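The values are calculated or read from the model by the stated rules, or taken from the named source; none is laboratory data. Since this is a predicted model, take the numbers as computed values, not measurements. Cβ placement follows ideal geometry from the backbone for every residue including glycine, while neighbour counts extend to all protein chains displayed.
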């Protein structure tokens, strides 16, 4: 049995599907009831209450651990989830971390994530750590404004990073859960090219077949909007990277190709597959 947390999100959905198609028994965990692939068990649980994960972890051999936004906030203790997995006899954990633990190790949320990585490494479990950069799916923040006004509103219009397709993160996670050769690996996951918000807008316009305007937000406007959807600490850390990415944050990593034997998908690929969200 493989347990997937965050199973109804942009990574969890394709990961759950890939594991089920590989013939694995899968338990999908989410906070709310949701549809899952046929043959997949679904358990409603809140990661903020690790003891409640008991029914999900019963009989599990592996765990994909993806933290919800509130578990990145100051005062959260996600290490308890790892302890619960150990107590329940889980043998392997694949942790979704962030590239920021390497590139900006002293950011508030990065310090906490580095501590969780250390907990996983010291747990006695088999482990792998995934460190993605920015997600292509963050463009869904613009879906409503594109649908209603054909405009993307974002800060730092001409500053880019190599955003990664969540489906590629899911594919790497599946490999780490299923293949022993990835045990002890820490993988940096990026897309194949640096792309700016203005470039993403052009890709969305191409997928839609109609023009989309770009409106540049101020830093204050962007922080206000993001803080409504995530802890303020995480919003600030994210905006720091988006506004002034380091060379390490703009580097295209070879790790997806090393694991999957193919190049990572482009943002244009992601936009074409998800275009209905913007119509």
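Here is a yes/no grid of residues against (1) in contact with a strand residue (DSSP E or B) (Cβ under 8 Å, 6 or more places away or on another chain); (2) crowded, with 22+ Cβ neighbours inside 10 Å:
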| residue | (1), (2) |
| --- | --- |
| 124 | no, no |
| 131 | yes, yes |
| 138 | no, no |
| 143 | no, no |
| 146 | yes, yes |
| 151 | yes, no |
| 155 | yes, no |
| 159 | no, no |
| 162 | yes, yes |
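Suppose the filter is surrounded by 17 or more Cβ atoms within 10 Å (Cβ to Cβ), modelled with pLDDT of 95 or more, touching a helix residue (DSSP H, G or I) at 6+ places or on another chain (Cβ under 8 Å) and closer than 30 Å to residue 224 by Cβ; does residue 93 pass it?
Values: surrounded by 17 or more Cβ atoms within 10 Å (Cβ to Cβ): yes; modelled with pLDDT of 95 or more: yes; touching a helix residue (DSSP H, G or I) at 6+ places or on another chain (Cβ under 8 Å): yes; closer than 30 Å to residue 224 by Cβ: no.
Taking the combined requirement at face value, the residue does not satisfy it.
Across the stretch 181-201, which residue is nearest to residue 244 (Cα to Cα) among those that are touching a strand residue (DSSP E or B) at 6+ places or on another chain (Cβ under 8 Å) and assigned to a loop (DSSP other than H, G, I, E, B)? Spell out the reasoning first.
Filtering the stretch 181-201 for residues touching a strand residue (DSSP E or B) at 6+ places or on another chain (Cβ under 8 Å) gives 182-191, 194-195, 197-198, 200-201.
This time we only want the ones that are assigned to a loop (DSSP other than H, G, I, E, B), so: 183-185, 190-191, 194.
Values: 183: 33, 184: 31, 185: 28, 190: 17, 191: 18, 194: 13 Å.
Top of the filtered list is 194.
So that you can scan it fast, the table gives a plain yes or no per residue for (1) within 18 Å of the chain's Cα centre (by Cα); (2) without any contact (Cβ under 8 Å) to a residue 12 or more places away in the chain; (3) surrounded by 16 or more Cβ atoms within 10 Å (Cβ to Cβ); (4) under 26 Å from residue 151 (Cα atoms):
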site	(1), (2), (3), (4)
215	no, no, no, yes
219	no, no, no, yes
224	no, yes, no, yes
229	yes, no, no, yes
233	yes, no, yes, no
245	no, no, yes, yes
249	yes, no, yes, no
255	yes, no, yes, no
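Restricting attention to the stretch 249-267, which residues are closer than 28 Å to residue 198 by Cβ and not in a helix (DSSP H, G or I)? Scanning the stretch 249-267 gives 251, 252, 253, 254, 262, 263, 264, 265, 266. In summary, residue 238 fulfils each of the numbered conditions (1) part of a helix (DSSP H, G or I); (2) touching a helix residue (DSSP H, G or I) at 6+ places or on another chain (Cβ under 6 Å); (3) buried (at least 17 other Cβ atoms within 10 Å of the Cβ) with the single exception of condition (2).
Scanning the stretch 151-168 for residues that are farther than 23 Å from residue 219 by Cα and part of a loop (DSSP other than H, G, I, E, B) returns a single hit, 165.
Tell me yes or no: at least one residue of the stretch 131-150 is in contact with a helix residue (DSSP H, G or I) (Cβ under 9 Å, 6 or more places away or on another chain), in contact (Cβ under 8 Å) with a residue 24 or more places away in the chain, over 30 Å from residue 207 (Cα atoms) and in a loop (DSSP other than H, G, I, E, B). No; the residues of the stretch 131-150 include none that is in contact with a helix residue (DSSP H, G or I) (Cβ under 9 Å, 6 or more places away or on another chain), in contact (Cβ under 8 Å) with a residue 24 or more places away in the chain, over 30 Å from residue 207 (Cα atoms) and in a loop (DSSP other than H, G, I, E, B).
Residues in the stretch 23-40 that are surrounded by fewer than 17 Cβ atoms within 10 Å (Cβ to Cβ) and at pLDDT 95 or above: how many? It would help to see each step written out before you state the result.
Start the filter on the stretch 23-40 by keeping residues that are surrounded by fewer than 17 Cβ atoms within 10 Å (Cβ to Cβ), which leaves 23, 25, 31-35, 37-39.
Okay, now just the ones that are also at pLDDT 95 or above, so 23, 25.
Here the count works out to 2.
Which of the following residues is under 16 Å from the mean Cα position of the chain (by Cα) and crowded, with 17+ Cβ neighbours inside 10 Å: 57, 63? Steps first, please.
Details: 57 fails: under 16 Å from the mean Cα position of the chain (by Cα).
None of the other options fit; the residue is 63.
Has the stretch 41-51 got any residue that is free of Cβ contacts under 8 Å to residues at least 12 places away in the same chain and at negative phi? Full working, then the answer.
Here is the first cut: in the stretch 41-51, the residues free of Cβ contacts under 8 Å to residues at least 12 places away in the same chain are 49.
Okay, now just the ones that are also at negative phi, so 49.
So far as the stretch 41-51 goes, yes, one or more of its residues are free of Cβ contacts under 8 Å to residues at least 12 places away in the same chain and at negative phi.
Residues of the stretch 66-76 include at least one that is at pLDDT 85 or above and in contact with a strand residue (DSSP E or B) (Cβ under 9 Å, 6 or more places away or on another chain).
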